[in-house]
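Novice: My questions will all concern the structure given below.
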Amino acid sequence: QVQLVESGGGLVQAGESLTLSCVASGGRFSAYSMGWYRQAPGKQREFVARIFSGGSTNYDDSVKGRFTISRDNAKNAVYLQMNSLKVEDTAVYYCHTILQNDIWGQGTQVTVSS
């Protein structure tokens, strides 16, 4: 059973940076595509970024050029470097992968103040 644990959230001011981490336990991490999603209060969970097993990536347009997803297979970890944060980036950020079913972490809160 694969489990995902996020960390690194916090309170920052607009324009600052933050890096989220997600560590996976169980399974063969290097074979998985890994993603980040976020959910703001009162809104649906939305896609942020994904990195595939081969290292290719894709991003939602709202974060392109500001966020970078990366992975370290030796550490079973995926990261989300977030630069130039905006108030509208405030949300709970979730790590995600899909095997036979969707697997989510517990989420980490990111709050960006103006």
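The values are calculated or read from the model by the stated rules, or taken from the named source; none is laboratory data. Remember, it's a predicted structure, so these values are computed and weren't measured experimentally. Please note: Cβ atoms are built from the backbone with ideal geometry, for glycine as well, and neighbour counts cover all protein chains shown. Side chains included, ligands, DNA and RNA excluded: accessible areas come from the protein's heavy atoms. Shrake-Rupley method; radii C 1.70, N 1.55, O 1.52, S 1.80 Å.
Novice: By per-residue mean of other Cβ atoms within 10 Å, what is the highest-first order of 50-58, 19-27, 90-98?
Specialist: Averaged packing, sorted descending, gives the order 90-98, 19-27, 50-58.
Novice: Can you work out the accessible area per residue across the chain, with the rest of the protein chains kept in place, probe 1.4 Å, in square angstrom?
Specialist: On the way: 5890 Å² over 114 residues.
Here the residues of the chain average 52 Å² of exposed surface.
Novice: Using a 1.4 Å probe and ignoring any ligands, DNA or RNA, find the accessible area of Y59 and quote it in Å² to the nearest 10.
Specialist: For Y59, the solvent-accessible surface is approximately 50 Å².
Novice: What is the set of long-range amide H partners of R71 at a cut-off below 5 Å, with H atoms built 1.01 Å from backbone N?
Specialist: For R71, the qualifying residues are Y79.
Novice: What FRET efficiency comes out for the pair D60/S25, r = Cβ-Cβ distance, R0 = 25 Å, nearest 0.05?
Specialist: Once the sixth-power term is evaluated, E becomes 0.40.
Novice: A further question on this structure: Which whole-number percent is the relative contact order of the chain (Cα, under 8 Å, 6+ apart)? Show your work: numbers first, answer last.
Specialist: On the way: 271 pairs, mean separation 41.2, N = 114.
About 36 percent, as a whole number.
Novice: Among all the lysines, which ones have a C-alpha under 27 Å from K43's C-alpha, if same-chain residues fewer than 8 places away are not counted?
Specialist: K64, K86
Novice: Going by amide H atoms built from the backbone, whose H comes under 5 Å of the H on G10, apart from near neighbours?
Specialist: Residues meeting the amide H criterion: V110, T111.
Novice: Roughly to the nearest percent, how much of the accessible area of the chain is carbon and sulfur, given a 1.4 Å probe?
Specialist: Accessible surface attributable to carbon and sulfur in the chain totals 47 percent.
Novice: Roughly how many nanometres apart are two label points built 7 Å out from the Cα toward the Cβ at K75 and Q44?
Specialist: Output for this residue pair reads 3.4 nm.
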